[in-house]
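Where a number appears in this text, it was derived from the coordinates with a stated rule and is not lab data. The structure displayed is predicted, hence computed values, not measured ones. Here the Cβ positions follow ideal geometry from the backbone for every residue, glycine too, while neighbour counts run over all protein chains shown.
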Amino acid sequence: MKTKVANAELNSYVCNASGIKDVAYEELKAIAESNSAAIVMKSCTPEPRSGNEEPRYMRLPFGAIQSMGLPNLGYKEYIRIAAELKKYRKPIIASVAGLSPDDFPKIVRAFQNSDVNLIEVNLSCPNLEGKPQIAYDFNAADELLGSISNLGYKPIGIKLPPYYDLAHFKKIADIIKSHNISFITCINSVGNTLAIDPENETPLIKPKSGLGGLSGGYIKNIALANVKIFRELLGNRISIFGVGGINSGTDAFEFLLAGADAVQIGTVFEKEGIHCFRRINEEFESIMKRKGYGSVLEARGNLKYL
Ligand code: SIN
């Protein structure tokens, strides 16, 4: 069940998503030693950040709500960590964030001269107070992609928020196609949602007056639609990581039918731990076998219509 995202070969279809247990070296080493097909690092900024105030992550019955606020070690530390993790011979994926437009080219340029294999640029963090999600501002996104997409030879991808309107899908897809973008990751959490504790009469998390990104099973169908629509609009030249509510091999297979080249696991990794990669992968392989598919590519985008 090997697959490929941009020019990176993945030994299986399932890897971790940026943002869960991937901040510190020990966490990334655990991912490197697990069945995750790649090592996706936490979105990083120019300087280290401790992130938003606690409580900032709460499990919900079918997922989670969080407003982490990009706690990370700063990009220089992830360049050092990538050099250490290279020995695991697994694709290493940097995740780049920024607090201002200039941060993005600065960090992307640095990762272009590092041991990472792919560079995922996060245009969709909903948790920075006063900083809109760049991917919802089409002019800003266009300008930013212009500033990062030709700084070196390592493939650049972008992590997108969910879109809901077909005109918006078309608009952002046209922008993506007009730059040198090799893959997309969709979707990030659904931003600015609210979970309430009725006993305390408060939100469950503290930052942004309780507003946070929703993830897990609640968003699977939104993510599936985003993968499908982007596959149709972007064609086969641009790879797609599907992410959002993948809890089983069946979920992973649904993302394959919708058009994903590989899937990333976040919320379930937080809840179940490192063994989720092996479990989901084994379940995925047995579905593929039962259905007679010999490779990921054979089934990719095979959704049939009623
Ligand atoms: C966070 O650190 O706030 C989560 C990252 C993201 O949503 O992109």
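One chain, two ends: residue 199 and residue 60. Fully extended at 0.36 nm per residue, the span grows by 48.5 nm beyond their Cα-Cα distance.
Put a plus charge on the Cβ of each Lys and Arg, a minus charge on the Cβ of each Asp and Glu, and nothing anywhere else: the dipole of the chain about its Cα centre is then about 940 debye.
Summarising the label geometry, the points placed 7 Å from Cα in the beta-carbon direction at residue 27 and residue 142 lie 3.7 nm from one another. Dimensions of the chain from C-alpha coordinates, computed as largest minus smallest value along each principal axis and given longest first, are 50, 49, 42 Å. Globularity index of segment 1-157 is 1.02 (Cα radius of gyration / 2.2 N^0.38 Å, N = number of residues). The slack between residue 278 and residue 209, meaning 0.36 nm per residue of separation minus the straight C-alpha distance, is 21.1 nm. Taking every alpha-carbon pair in segment 1-59 and binning the separations at 5 Å intervals from zero gives 4, 16, 22, 20, 18, 10, 7, 3, 0 percent. Counted over segment 74-208, the DSSP beta bridges are approximately 15% antiparallel.
Can you tell me the convex hull volume per residue for segment 128-257, based on C-alpha atoms, in Å³ to the nearest whole number? Spell out each step's value before the answer.
Working: hull volume 16.8 nm³, N = 130.
Once divided by residue count, the hull of segment 128-257 is 129 Å³.
The residue list 195, 164, 239 was ranked by how far each Cα lies along the charge dipole of the chain toward its positive end, using unit charges on Cβ atoms, and 239 comes out on top.
Is the C-alpha gyration tensor of segment 43-82 telling us rounded, prolate or oblate? Criteria: a/c under 1.5 is rounded; beyond that, a/b larger than b/c is prolate, otherwise oblate.
Values: a/c = 4.29, a/b = 2.17, b/c = 1.97.
The shape class here is prolate.
Protection proxy ranking of 80-93, 209-222, 163-176, by the mean of other Cβ atoms within 10 Å over each peptide's residues and highest first, is 209-222, 80-93, 163-176. According to the Cα-based calculation, Rg over Rh for segment 181-253 is 1.12, with Rh computed by the Kirkwood formula. Given a cut-off of 20 Å, name the pairs among 2/177; 2/220; 29/76; 29/87; 4/90 whose C-alpha atoms lie farther apart than that in the structure shown. Flagged as over cut-off: 2/177; 2/220.
Quick check for me: using +1 on Lys/Arg Cβ and -1 on Asp/Glu Cβ, what's the dipole size of segment 1-124 about its Cα centre, in debye to the nearest 20? Present the calculation step by step, with values, prior to reporting the outcome.
On the way: 16 positive and 14 negative charges, 76 e Å.
Roughly 360 debye for segment 1-124.
Annotation for residue 50 and residue 306: the two label points, set 7 Å from Cα along the Cα-Cβ direction, are 5.3 nm apart.
For residue 282, what charge total do you get from the other residues with a beta carbon under 13 Å from its beta carbon, if Lys and Arg give +1 and Asp and Glu give -1?
+2
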